[in-house]
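Here the structure is laid out as structure tokens; the discussion comes afterwards.
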Amino acid sequence: MGDVKIFALQEAVPAVEVPDVLYVGGIPLLRAALILVIGIPAAWAIARFARDYAIRTYDAQKGLVVHKSVFYPAVLVILVTVLRELGLSLTPLLGAAGIVGIAVGFASQTSVSNIISGFFLLAEAPFKVGDVIKVGETTGVVMTIDMLSVKLRTFDNQMVRIPNEALVKTEVTTVTRFPIRRMDIPVGIAYKEDAGRIREILLEIATANPRVLMEPEPIVIFEGYGASSVDFKLASWTQTPIFLPVRNELFEEIKARFDAEGIEIPFPHRSLYTGSDTAPFPIRIVSDGPVEDGGALEP
Amino acid sequence: MPTVGAIERISVGPLTVWITRVGDELRVSHARAEHGVAPPIDPPDDIDWNRWSLRDVPHHLSVLPVFPDRPLLIKPDHSFTLMRMASARIYSRVPAWVRLQVVETETGLASTLVELPTETLSDTWWGDFVEGSLAYWLPTKARRELRPDLFEPHLIICTLQLSNGSTDNLAVEQLVLRVDHLSIFERPGELWGEEVVVEYQGESLGSDIRMEDLPPREAEGAVEITPARAQSRGFRARTFARFMALGGFRG
């Protein structure tokens, strides 16, 4: 066997000389920049992949939560790594953070409350992205459910930001939660009309519209004897997405049918009595000409 | 396929369909009888046409009856109670839809242009206030007897063999017929759906539903002309509903 030369590892692997350009004042600047330039887009891509998977598997709301839960921590890790590459020690920062934290804590009570309320909203899920909700006087489509707030798009295309804390404390109506909705159409008729006939007509109108559901069946509810009219409510059901157009159709069909049947829908009016229901009010006819002297009646 | 400029007219029950060709465009329009008055022979001038531009190959038109595209909610003409271990046979009449297809003569490739209901059916809901599915409300009642006067060219007779395999009596007030699983058979002048066997297993278990893949015995000699939209030989599902099941005003 011939001689076998075994080279020491440090002789076999030549040392890599790092060019001076990668260092500025002894700091690996390029490496830090590379971490930043590669890391942030990579974190975005991973977060987006996770978001798309969550949307396919669950829904858009969970996709948003997953995206934020992956991206922001990843960015934090990248920034900490970059800071360490640049030689910045985090220990003094953490030390100072204790003092700053107390100050920030007092100042950020509302933000923390909003964040915690956001978790409650996600867990309880009273609504999801895409639902129409009503909060106080505001009605809109839920665009995003974020850490601090929920963003709505109103039907006239304005954006409304509602803090999560406000949503947890307030009554929220989720308009599109269930697949069917009841349309309540108030109908007032003159006292002289036949209430039974009105009820039949209203039910005919509802059942003749193919987009009004036959089950649950439409009904007519007697609401009361009003000051100017006998008041009813036609209660019928339709699918939630077409609630508005079908409701509009029923209003139009009721008006058209009442006009055709000669049924009076009274406007508000008052009957006045002079103390005796047989004695008429005294009335004097005033000329059509311009009124003079402050409107005094001619004798 | 109509020649260019000519208008073909097809009448199926209350539905009238007009088909014409203008250049390479196929146009279809339709109308239904209202209050017993049939549509005119020629299409009105202001009628809307659906239009398709076709490939430049020989085509022919295919017109087929099909079932509606949703389940149907059926009520018997008289509600009755099906005692445990008892069975009953009921007949329902379903207004057919008309499917217009363009078939390439050489390849046999068929493309559906449109499906038109012969009668407009009202929407209804099968389920409860929180969840369910959209269905059609069948205006004709299901009957226990099959009489000759019940046959009309556009109505498909569906036969349901109901049986109560549970330990409770079953009030038959309304039920859902899932027509997307049914084929259509034809005997001269008559359309039949394949027989459906429904075995009620109890309130919590639903019903076993089985399609027989054959016309009912009352339609001996009928041949299949339209296959089912969804191929299935059987499944278990909720089929019967009671009037009180949908809460709200009636509790």
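Go over the candidates A:I201, A:I205 one by one and state the one that is β-branched (V, I, T), part of a helix (DSSP H, G or I) and free of Cβ contacts under 8 Å to residues at least 60 places away in the same chain.
Selected residue: A:I205, the only one of A:I201, A:I205 that is β-branched (V, I, T), part of a helix (DSSP H, G or I) and free of Cβ contacts under 8 Å to residues at least 60 places away in the same chain.
Hey, can you tell me all the residues within the range A:59-78 that are in a helix (DSSP H, G or I) and in contact (Cβ under 8 Å) with a residue 40 or more places away in the chain? Before the answer, list the steps.
Here is the first cut: in the range A:59-78, the residues in a helix (DSSP H, G or I) are A:60-78.
The answer is A:A60, A:Q61, A:L64, A:V65, A:K68, A:I78.
Provide a single number: the residues in the range B:2-47 that are at positive phi and touching an Asp or Glu at 6+ places or on another chain (Cβ under 9 Å).
1
Please give the strands (runs of 3 or more DSSP E) falling wholly within the range B:39-106 in which 1 or more residues are of a type in the set (K, R).
Filter on the range B:39-106 gives B:50-53, B:87-95, B:97-104.
Exactly one of (1) assigned to a strand (DSSP E or B); (2) out of contact with any Lys or Arg (no Cβ under 8 Å at 6 or more places or on another chain); (3) within 24 Å of B:I209 (Cβ to Cβ) is unmet by B:V130. Its number?
(1)
So is B:D123 within 10 Å of another protein chain (Cβ to nearest Cβ) and either in contact (Cβ under 8 Å) with a residue 24 or more places away in the chain or loosely packed, with under 14 Cβ neighbours inside 10 Å (or both) or not?
no
If A:N248 satisfies all but one of (1) free of Cβ contacts under 8 Å to residues at least 12 places away in the same chain; (2) within 13 Å of another protein chain (Cβ to nearest Cβ), what's the number of the condition it fails?
Answer for A:N248: the failing condition is (2).
Which numbered condition trips up A:T139, out of (1) surrounded by 13 or more Cβ atoms within 10 Å (Cβ to Cβ); (2) modelled with pLDDT of 90 or more; (3) part of a loop (DSSP other than H, G, I, E, B)?
Going through the list (1) surrounded by 13 or more Cβ atoms within 10 Å (Cβ to Cβ); (2) modelled with pLDDT of 90 or more; (3) part of a loop (DSSP other than H, G, I, E, B), A:T139 breaks only (3).
Residue by residue through the range A:221-243, note down the ones that are assigned to a strand (DSSP E or B), among the β-branched types (V, I, T) and within 11 Å of chain B (Cβ to nearest Cβ).
A:I221, A:T238, listed by residue number.
Determine, yes or no, whether A:V129 is assigned to a loop (DSSP other than H, G, I, E, B) and among the β-branched types (V, I, T). Step through it out loud before you land on a result.
Details: assigned to a loop (DSSP other than H, G, I, E, B): yes; among the β-branched types (V, I, T): yes.
When the stated conditions are applied, A:V129 passes them.
Return the residues of the range B:125-173 that are farther than 28 Å from A:A206 by Cα and β-branched (V, I, T); say none if nothing qualifies.
Answer for the range B:125-173, where residues must be farther than 28 Å from A:A206 by Cα and β-branched (V, I, T): B:I157, B:T159, B:T167.
Okay, residues lined up against (1) out of contact with any strand residue (DSSP E or B) (no Cβ under 9 Å at 6 or more places or on another chain); (2) facing another protein chain (nearest Cβ under 10 Å); (3) over 19 Å from B:D208 (Cα atoms):
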| site | (1), (2), (3) |
| --- | --- |
| B:L116 | no, no, yes |
| B:Y136 | no, yes, yes |
| B:T140 | no, no, yes |
| B:I156 | no, no, yes |
| B:Q174 | no, yes, no |
| B:F185 | no, no, yes |
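The values are calculated or read from the model by the stated rules, or taken from the named source; none is laboratory data. Since this is a predicted model, take the numbers as computed values, not measurements. Quick reminder, even Gly has a Cβ in these numbers, built from the backbone with ideal geometry, and neighbours come from all protein chains shown.
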